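Participant: Following this message is one structure expressed as structure tokens.
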Amino acid sequence: MGKILVVIEPNQDASMQMFTVAKELGGETDAIVMNDCECVSILPCSTAYNFSMDMYLPLQATDAVAKAIEISGATTVLIAATQVGRDLAPRVAARCGGSLIGDCTTVSNESGSIQCTRPVYGGKFVATIQAGDGLNIITVRPNAFASTDETGSPTVQTIETNHDDRETISAVEESGTNEMGVADADVIVSGGRPMGSEENFASLYELAHLLGGTVGASRAAVDEGYQPVARQVGLTGTVVAPRLYIACGIDGAIQHLAGMRGSQVIVAINTNPDAPIFKVATYGCVIDLFELVPALTKQLQQSPQPA
Ligand SMILES: Cc1cc2nc3c(=O)[nH]c(=O)nc-3n(C[C@H](O)[C@H](O)[C@H](O)COP(=O)(O)OP(=O)(O)OC[C@H]3O[C@@H](n4cnc5c(N)ncnc54)[C@H](O)[C@@H]3O)c2cc1C
């Protein structure tokens with residue numbers, strides 16, 4: 001196995017998961033951090049490259065990663081398939097003349113060559129892709145691999161990048177909410193189409209906050225405009241793997257399951273005892289969600305909170 005280069009977005013746990021993939025592949029590993037960041041000196045790798053970039057600028061980031069590939073001699077580049085990663089990976093592949101294998105859910109070393117799998121045709125099939133010789137840029141879905149808390153003491157090397165005048169950030173707008181994102185939540189209470197309105201989702205937020213978590217949604221609920229797309233869980237949304245996932249009025253379509261079946265405990269609340277969600281549920285509740293969610297919330301409000 002040749003040299004591996006892991007691309008790190010600061011404060012992105014999904015990026016740290018790439019070290020687990022690198023370990024699975026078994027090659028010597030370098031990393032590049034997409035910003036100046038204190039974490040660079042303790043990453044579990046041989047050499048850690050960094051460069052200065054206040055916010056993600058695609059051309060500058062591509063330039064930096066291309067330089068790191070050249071200096072390190074990496075033949076495999078691992079990038080988490082976050083929004084930034086999905087933008088960056090094809091640029092790097094085009095710039096360096098490498099192959100792009102996108103959105104993988106498994107990556108393994110099969111007798112010295114890399115084999116990846118990724119869902120295709122809306123999650124109905126899984127494609128196995130054999131990486132070729134030469135440079136491979138691989139993006140891996142967040143939460144497909146566990147993160148690592150291993151640390152190291154790499155040689156730190158700063159890469160000089162040129163700012164490209166074609167890109168500038170003219171304005172940054174806050175999303176207007178401090179609500180935790182689904183990718184990082186330990187507990188997710190998700191709502192489906194029967195939620196019926198954005199207002200009805202307030203009851204899920206109340207329950208989620210009592211449990212220290214946040215709210216997710218099925219694509220049907222997002223398409224209806226009840227929740228923003230950032231809350232969508234599933235194949236075309238975010239893949240999550242929380243400690244607890246409560247699916248409220250979610251049928252369990254294969255595309256939804258693809259995004260949450262890695263959750264440790266799944267509670268399904270559904271009026272239809274034959275709903276597919278029950279096949280993956282740890283606990284199934286055949287009941288109207290508008291009856292159970294308020295009852296659960298009330299029970300939690302009356303329970304003594306842990307100190
Ligand atoms: C290419 C492609 C990608 C997709 N990507 C995604 C994705 O990323 N995420 C995603 O979620 N979907 C995705 N979908 C859509 C997916 O196929 C389903 O259409 C969608 O997940 C259905 O959402 P739902 O379960 O909320 O709604 P429905 O299918 O309408 O199911 C509602 C469920 O709620 C139950 N119910 C109704 N009323 C109540 C009540 N009062 N209390 C309790 N239960 C009740 C019903 O029995 C039913 O099981 C994708 C589809 C395609 C083709």
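The values are calculated or read from the model by the stated rules, or taken from the named source; none is laboratory data. Small disclaimer: the values here were computed from a predicted structure and weren't measured. Because the Cβ atoms are built from the backbone with ideal geometry, glycine has one as well, and the counts that use them run over all protein chains shown.
Participant: How many of the residues in segment 263-273 are away from the ligand (no atom under 12 Å from the Cβ) and buried (at least 22 other Cβ atoms within 10 Å of the Cβ)?
Facilitator: 2
Participant: Given the conditions (1) of a type in the set (Gly, Ala, Ser); (2) at pLDDT below 95; (3) farther than 14 Å from Ile137 by Cα, and given that Gly2 satisfies all but one, which numbered condition is not satisfied?
Facilitator: (3) is the only condition that Gly2 fails.
Participant: Can Thr282 be described as near the ligand (Cβ under 8 Å from one of its atoms), among the polar types (S, T, N, Q) and without any contact (Cβ under 8 Å) to a residue 24 or more places away in the chain?
Facilitator: no
Participant: Let me ask something else. Go over the candidates Ala171, Ala146, Ala81 one by one and state the one that is of a type in the set (A, V, I, L, M), within 18 Å of Thr29 (Cα to Cα) and at pLDDT below 95.
Facilitator: When all the criteria are applied, what remains is Ala146.
Participant: So, Glu179, is that one at pLDDT 95 or above, of a type in the set (D, E, K, R) and either assigned to a loop (DSSP other than H, G, I, E, B) or away from the ligand (no atom under 12 Å from the Cβ) (or both) or not?
Facilitator: It is false that Glu179 is at pLDDT 95 or above, of a type in the set (D, E, K, R) and either assigned to a loop (DSSP other than H, G, I, E, B) or away from the ligand (no atom under 12 Å from the Cβ) (or both).
Participant: I'm trying to understand the selection: among the residues of segment 122-153, which are out of contact with any strand residue (DSSP E or B) (no Cβ under 9 Å at 6 or more places or on another chain) and either not β-branched (Val, Ile, Thr) or not assigned by TED's automatic domain parsing to the domain that holds Ala31 (or both)?
Facilitator: Of everything in segment 122-153, those that are out of contact with any strand residue (DSSP E or B) (no Cβ under 9 Å at 6 or more places or on another chain) and either not β-branched (Val, Ile, Thr) or not assigned by TED's automatic domain parsing to the domain that holds Ala31 (or both) turn out to be Gly122, Gly123, Lys124, Ala146, Ser147, Asp149, Glu150, Ser153.
Participant: Okay, next question. Go through (1) assigned to a loop (DSSP other than H, G, I, E, B); (2) more than 30 Å from Cys116 (Cα to Cα); (3) more than 13 Å from the ligand (Cβ to nearest atom); (4) touching a Phe, Trp or Tyr at 6+ places or on another chain (Cβ under 7 Å) for Gly212 and report which single condition fails.
Facilitator: Among (1) assigned to a loop (DSSP other than H, G, I, E, B); (2) more than 30 Å from Cys116 (Cα to Cα); (3) more than 13 Å from the ligand (Cβ to nearest atom); (4) touching a Phe, Trp or Tyr at 6+ places or on another chain (Cβ under 7 Å), the lone unmet condition for Gly212 is (4).
Participant: Which residues, counting only those in segment 223-262, are at positive phi and either of a type in the set (A, V, I, L, M, F, W, C) or within 12 Å of the ligand (Cβ to nearest atom) (or both)?
Facilitator: Gly234, Gly249, Gly252
Participant: Would you please list the contacts, defined by Cβ atoms under 8 Å and residues six or more apart or on different chains, that run from a residue in segment 177-194 that is acidic (Asp, Glu) to a residue that is within 16 Å of the ligand (Cβ to nearest atom) and in a loop (DSSP other than H, G, I, E, B)?
Facilitator: From residues that are acidic (Asp, Glu), the pairs are Asp186/Pro242.
Participant: Now for a different question. Please go through segment 266-283 and pick out each residue that is part of a loop (DSSP other than H, G, I, E, B) and of a type in the set (Gly, Ala, Ser).
Facilitator: The answer is Ala275, Ala281.
Participant: Report whether or not Thr161 is within 13 Å of the ligand (Cβ to nearest atom), β-branched (Val, Ile, Thr) and either more than 25 Å from the chain's Cα centre (by Cα) or not in a helix (DSSP H, G or I) (or both).
Facilitator: The answer is no for Thr161.
Participant: Moving to a separate point now. Taking the condition assigned to a helix (DSSP H, G or I), crowded, with 18+ Cβ neighbours inside 10 Å, within 12 Å of the ligand (Cβ to nearest atom) and at pLDDT 95 or above, does Ala220 pass?
Facilitator: Yes; evaluated as a whole, the condition is true for this residue.
Participant: Of all the residues that make up segment 184-201, how many are away from the ligand (no atom under 16 Å from the Cβ), assigned to a helix (DSSP H, G or I) and at pLDDT 95 or above?
Facilitator: 0
Participant: Would it be correct to say that Leu296 is within 14 Å of the ligand (Cβ to nearest atom), surrounded by 13 or more Cβ atoms within 10 Å (Cβ to Cβ) and touching a residue at least 40 places away in the same chain (Cβ under 8 Å)?
Facilitator: It is true that Leu296 is within 14 Å of the ligand (Cβ to nearest atom), surrounded by 13 or more Cβ atoms within 10 Å (Cβ to Cβ) and touching a residue at least 40 places away in the same chain (Cβ under 8 Å).
Participant: Please verify whether segment 147-158 includes one or more residues that are part of a loop (DSSP other than H, G, I, E, B), under 30 Å from Glu38 (Cβ atoms) and of a type in the set (A, V, I, L, M).
Facilitator: no
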